[in-house]
Amino acid sequence: MSDDRPTRQELYDRIRGSSKDQVILEEMIRLGFYPKDGSLPDDPIAEIQRLGDLHGQLRKLRRDHADLHNLDKLKRQAKRARMDAALQRRKETKAKRLKARQDRAAAWVVRQSTELLHIGEGVSEGLGQTEGTPRYALPNLQDGAAIAAAMDIDVGELRWLAYNRRVSKVSHYKRFSIPKKTGGERLISAPMPRLKASQHWVLRNILDKVPLHDAAHGFVTGRSIVSNAAPHVNARIVVNMDLQDFFPSISWVRVRGLFASFGYSREAATVLALLCTEAKTTAIELDGETWHVAQGERVLPQGSPASPAITNALCWQLDRRLSGLCAKLGFVYTRYADDLTFSAKSDDAYVGTLLKAVGQIVEEEGFTVHPKKTRVMRAGSRQEVTGLVVNNGLSVSRPLRRNWKAALFRLERDGPDAVEFGHGNDVFASLIGFAEFVAMVTPKVGAPMVERARAAAAAHGWKARVRSVEPSTGWKEKQAASIAARIDRTAQAHAFLSGATAQPPEGAPTGPRPTSQTESAAASTEADSSESTPHEPAKWWEFWRWFE
């Protein structure tokens with residue numbers, strides 16, 4: 001029982017809560033002196049309990065009365081109530097804002113997966129404008145999501161490929177230079193595998209479906225340097241002109257306008273133009289990292305598989321105007337990339353008028369005639385069009401064929417160690433390749449050459465090397481294989497395009513276009529001329545097929 005005895009403080013608290021008599025009564029009941037039901041005579045329990053309740057109510061009324069006259073306490077209580085209410089409102093507001101941020105973040109993630117939103121400074125103003133009607137039965141792609149779905153990639157990857165970065169650690173192009181025949185170097189920008197795949201898609205599904213002018217022969221299915229040179233056979237006058245800085249002079253704005261002219265919306269045209277253009281960049285080393293800094297605006301890169309087809313489409317108006325001019329002046333006009341060729345059957349053709357008018361038209365169409373590459377060739381001299389002689393029918397120049405015959409004769413007599421034909425590692429491939437080129441231009445002349453070259457190669461146990469490519473399952477594997485192959489071919493490419501060798505890089509694909517074999521052979525033809533005969537190194541266009 002002693003353990004249940006209340007402490008003095010507890011007794012004081014109970015007395016303050018009721019009355020002394022009530023506490024005494026409760027303790028008497030607890031200790032057993034009074035029954036709980038109050039059955040003793042003259043039992044004061046009920047009265048004592050009633051008095052205790054009244055005393056408690058009275059004390060409460062006194063406290064309330066005192067509080068009502070204590071203004072400072074009332075102010076403190078009101079302030080505390082306001083602070084508690086404000087704290088509760090802040091908690092509710094914070095919870096609402098957090099939920100709103102979470103909802104916005106979730107909505108942003110959804111928008112990022114379905115919309116481009118932003119693709120770089122100065123190029124994003126057209127996003128959101130998705131109205132258009134494609135022409136020429138082109139695929140109906142009016143926004144970034146539709147383009148990404150058609151390319152079988154997600155919107156995030158499309159944004160990454162098309163984003164206009166002024167400074168970046170990542171470059172979508174591998175850049176290197178090749179020598180120009182007139183001196184200096186030409187920058188080649190070879191796209192990385194994923195961007196290259198998207199450019200191939202644009203080429204196959206859009207650019208290849210756009211009709212071109214009949215005067216265009218470069219990189220056109222079913223045409224080649226042979227079809228480009230054929231209209232100028234047996235002409236009395238042949239005029240060759242080149243466009244200066246052909247690809248770098250075409251800005252991304254012009255490319256965007258081209259896709260817009262196909263009926264695509266502003267957003268779709270912007271995305272397609274960004275995929276097919278790039279700005280010249282400078283690599284800078286900073287704190288052990290390489291940064292690629294853009295120099296100037298985006299232009300059409302030399303190395304993209306889509307660039308030649310874009311130039312053909314952009315030059316439709318140029319080809320139309322030059323063809324109309326030539327029809328009035330009695331000339332025939334063809335164009336192979338940036339090489340313009342004009343010919344006339346009469347010695348009295350107005351060459352001066354032609355040159356002046358062509359320069360004016362070319363300038364009005366946004367291009368520039370190269371001042372040092374205009375040649376007028378009359379019937380008394382050797383007339384060449386894209387590497388082929390056109391004086392009396394199409395043919396490969398006689399000095400080049402004589403050099404080939406001399407090399408093959410030394411091979412048959414002294415063996416391959418005594419022969420140098422081109423500067424490649426495989427003299428048999430060089431001899432057979434040149435013979436096949438001649439057979440393509442003039443089958444009657446080239447067929448015996450091919451047979452003889454193959455017979456000589458077989459006699460020495462030569463077998464054509466076929467490059468096998470292991471199937472890959474992802475872009476990383478393709479990128480690794482592509483980089484390894486490109487590094488192996490770069491040195492050969494330098495020599496080939498500068499005219500030092502007639503052999504193109506080993507394993508170069510023939511591609512879907514019939515122009516590829518012709519161009520490669522044309523380069524071999526120009527590169528292997530004799531020392532006594534002036535010749536020009538291979539043209540830049542032969543390089544495109546190695547990046548298709």
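The values are calculated or read from the model by the stated rules, or taken from the named source; none is laboratory data. Bear in mind that the values here come from a model prediction, so they are computed numbers and not experimental data. Here the Cβ is made from the backbone with ideal geometry for all residues, glycine too, and neighbour counts use every protein chain on show. In case anyone asks, the SASA skips ligands and DNA or RNA and just uses the protein heavy atoms, side chains included. Shrake-Rupley method; radii C 1.70, N 1.55, O 1.52, S 1.80 Å.
Can you tell me how many residues in region 60-97 are open to solvent by 100 Å² or more (accessible area, probe 1.4 Å) and either touching a residue at least 40 places away in the same chain (Cβ under 8 Å) or assigned to a helix (DSSP H, G or I) (or both)?
18
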| message | What are the pairs with Cβ atoms under 6 angstrom where one residue, in region 383-408, is assigned to a loop (DSSP other than H, G, I, E, B) and the other, located anywhere, is open to solvent by 10 Å² or more (accessible area, probe 1.4 Å) and of a type outside the set (Asp, Glu)? Sequence gap at least six, or different chains. | response | Gln383/Met377; Gln383/Asn391; Val390/Val233; Leu394/Val441; Val396/Val441; Ser397/Val389
| request: For region 182-190, state whether one or more residues are β-branched (Val, Ile, Thr), at pLDDT below 90 and in a strand (DSSP E or B). | output: yes
| Failed item in (1) at pLDDT below 80; (2) within 16 Å of Val23 (Cα to Cα), with Asp53 passing the rest | (1)
| request: Please name all residue pairs, on different chains or six or more residues apart, with Cβ atoms under 7 Å, provided the first residue is in region 98-122 and is more than 26 Å from Asp152 (Cα to Cα) and the second residue is open to solvent by less than 90 Å² (accessible area, probe 1.4 Å) and among the basic types (Lys, Arg). | output: none
| message | Considering only residues that are part of a helix (DSSP H, G or I) and aliphatic (A, V, I, L, M), which ones fall in region 160-181? | response | Leu161, Ala162
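Would it be correct to say that Glu297 is in a strand (DSSP E or B), acidic (Asp, Glu), open to solvent by 70 Å² or more (accessible area, probe 1.4 Å) and in contact with a strand residue (DSSP E or B) (Cβ under 6 Å, 6 or more places away or on another chain)?
yes
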| field | Matching residues in region 193-226 - criterion: being in contact with a helix residue (DSSP H, G or I) (Cβ under 9 Å, 6 or more places away or on another chain), assigned to a helix (DSSP H, G or I) and open to solvent by 20 Å² or more (accessible area, probe 1.4 Å) | value | Pro193, Arg194, Lys196, Ala197, Trp201, Asn205, Asp208, Val226
| request: Identify, from the list Tyr173, Tyr163, Tyr136, the residue that is modelled with pLDDT of 90 or more, of a type outside the set (D, E, K, R) and open to solvent by less than 60 Å² (accessible area, probe 1.4 Å). | output: Tyr173
| How many residues are under 16 Å from Thr334 (Cβ atoms) and among the charged types (D, E, K, R) if we restrict to region 361-398? | 2
| Positions within region 281-294 being part of a strand (DSSP E or B) and open to solvent by 30 Å² or more (accessible area, probe 1.4 Å), in sequence order | Thr281, Thr282, Ala283, Ile284, Glu285, Leu286, Glu289, Thr290, Trp291, His292, Val293
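Taking region 378-392 as the search range and keeping residues that are open to solvent by 20 Å² or more (accessible area, probe 1.4 Å) and not hydroxyl-bearing (Ser, Thr, Tyr), which one is nearest to the chain's Cα centre (by Cα)?
Of the residues in region 378-392, the ones open to solvent by 20 Å² or more (accessible area, probe 1.4 Å) are 378-382, 384, 391-392.
Now narrow it down to the ones that are not hydroxyl-bearing (Ser, Thr, Tyr): 378-380, 382, 384, 391-392.
Working: Arg378: 46, Ala379: 47, Gly380: 49, Arg382: 44, Glu384: 38, Asn391: 44, Asn392: 46 Å.
Result: Glu384.
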| said: Can you find a residue that is open to solvent by less than 40 Å² (accessible area, probe 1.4 Å), of a type in the set (Lys, Arg) and either in contact with a Phe, Trp or Tyr (Cβ under 7 Å, 6 or more places away or on another chain) or part of a helix (DSSP H, G or I) (or both) anywhere in region 302-321? | reply: no
| field | Any pair with Cβ under 6 angstrom, 6 or more apart, that starts in region 413-438 at a residue that is open to solvent by 60 Å² or more (accessible area, probe 1.4 Å) and ends at one that is of a type in the set (S, T, N, Q) | value | His423/Thr501
| query | What single numbered condition from (1) part of a strand (DSSP E or B); (2) in contact with a His (Cβ under 9 Å, 6 or more places away or on another chain); (3) open to solvent by less than 60 Å² (accessible area, probe 1.4 Å) fails to hold for Val239? | reply | (2)
| field | Test result for Glu157, among the charged types (D, E, K, R), in contact (Cβ under 8 Å) with a residue 12 or more places away in the chain and assigned to a loop (DSSP other than H, G, I, E, B) | value | no
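Yes or no, residue by residue, for (1) over 17 Å from the mean Cα position of the chain (by Cα); (2) open to solvent by 50 Å² or more (accessible area, probe 1.4 Å):
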| position | (1), (2) |
| --- | --- |
| Trp108 | yes, yes |
| Gly120 | no, no |
| Gly128 | yes, yes |
| Ala145 | no, no |
| Ala149 | no, yes |
| Asp152 | no, yes |
